[in-house]
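First up is the structure itself, then whatever we jot down about it.
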Amino acid sequence: MSASFASALEFVHTAVSQMQARGLPSTASKQVLASLAALGGAETAAEPPKPAQAVAAVPDAERATSKAEPPAVAAERRPPTPILPPRTRSGNAAADLEALRAAMLASPLFAAESCGKAVFGTGSAEADVMFIGDVPGEEEAAAGEPFVGLAGQLLTKIIETMGYRREQVYLANLLKCRVDSSPSGTSSRKPTAAEMQSSVPFLEEQIAIVQPRVIVALGATVMDGLLGLTDPMARLRGRWHEFKGIPLMATYHPSYLLRNQALGEKRKVWEDMLLVLERLERPVTDKQRAFFLPKR
């Protein structure tokens, strides 16, 4: 058994115990164990023992809810419990990301057929800047990788114009699974609060492992999921925010620029990227400063 798989196994066994302590259906535990068995080890088929202090670990408010309502109703109203590794890490960012990926893929939260492939993240584990999108699109869900469609191609051009290669930055999404389509069936809808709660802890752990110097939040949904801010992007962009001590710049999602080709809108995004480059103390040429400005 590889070290990464062993770490993931330990993470998920801990999570299963937590799920049992919270009174979640035993079928969820069995789904996790079945996933682990498929990943590589007959020894993973044994269900971990229930913690001795399981009842004490459940908050009073949750116990009250469970007593007041039928168990099925209480479980339905409670947001899903994400399976996360403990905060202890190996110190090797790339290995820690792989262990986190294995733990996420073993989670029943992302086993639904409608999810497609779970979309984890890609890029350098030691990136200076992390770009975070909102919801995986159809192409991302098929590939299991963020930003592979038309919006991803545009983001790649932005990254390259900043002086980076795509593999030098880190790309991730707020949600790790594609949500059901909008009523028109043509696009992804905004995720619900419960859907964000199921994925955001994995994103937070990615940020904690990579420790980027700057985060770029692409779109209002990301700002809502990370910081709880619901202002329009026009008010959020162009100024610095902070996420757990890391400077965060909000800007429009590349898909917005695909819908709105106005030179002025492209310039707004580029002005935000110039602020990012200055924060990172990267050299900015006169040519870069003049991008998307009206020609005199």
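The values are calculated or read from the model by the stated rules, or taken from the named source; none is laboratory data. Quantities reported herein were computed from a predicted structural model and do not represent experimental measurements. Positions of Cβ are backbone-derived with ideal geometry, glycine not excepted, and every protein chain shown enters the neighbour counts. Remember, those area values only see protein heavy atoms, side chains included, never the ligands or the DNA or RNA. Shrake-Rupley method; radii C 1.70, N 1.55, O 1.52, S 1.80 Å.
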>> Keeping all protein chains in the complex and leaving out DNA, RNA and ligands, what accessible area do you get for Tyr170 with a 1.4 Å probe, in Å² to the nearest 10?
In response: 10 Å²
>> Quick check for me: using +1 on Lys/Arg Cβ and -1 on Asp/Glu Cβ, what's the dipole size of the stretch 244-296 about its Cα centre, in debye to the nearest 20?
In response: 160 debye
> Per residue, how much accessible area does the stretch 98-251 show when a 1.4 Å probe rolls over the protein heavy atoms, in square angstrom?
Replying inline: 40 Å²
> Short version: ³J(HN,Hα) in whole Hz for each residue of the stretch 91-103, in order, from phi by Karplus 6.51 cos²θ - 1.76 cosθ + 1.60 (θ = phi - 60°), x for Gly and Pro, what are they?
Replying inline: x, 9, 4, 4, 5, 5, 5, 5, 5, 5, 4, 4, 5
> For the peptides 204-211, 99-106, what is the packing order when you average, over each peptide's residues, the other Cβ atoms within 10 Å and list the highest mean first?
Replying inline: 99-106, 204-211
>> Just to check I understand the Karplus step: with θ = phi - 60° and J = 6.51 cos²θ - 1.76 cosθ + 1.60, what whole-Hz values come out for the stretch 195-210, glycine and proline as x?
In response: 5, 5, 4, 6, 10, 4, x, 5, 5, 4, 5, 4, 4, 5, 6, 6
> How much of Thr251 can a 1.4 Å solvent probe reach, expressed as accessible area in Å² and rounded to 10?
Replying inline: 0 Å²
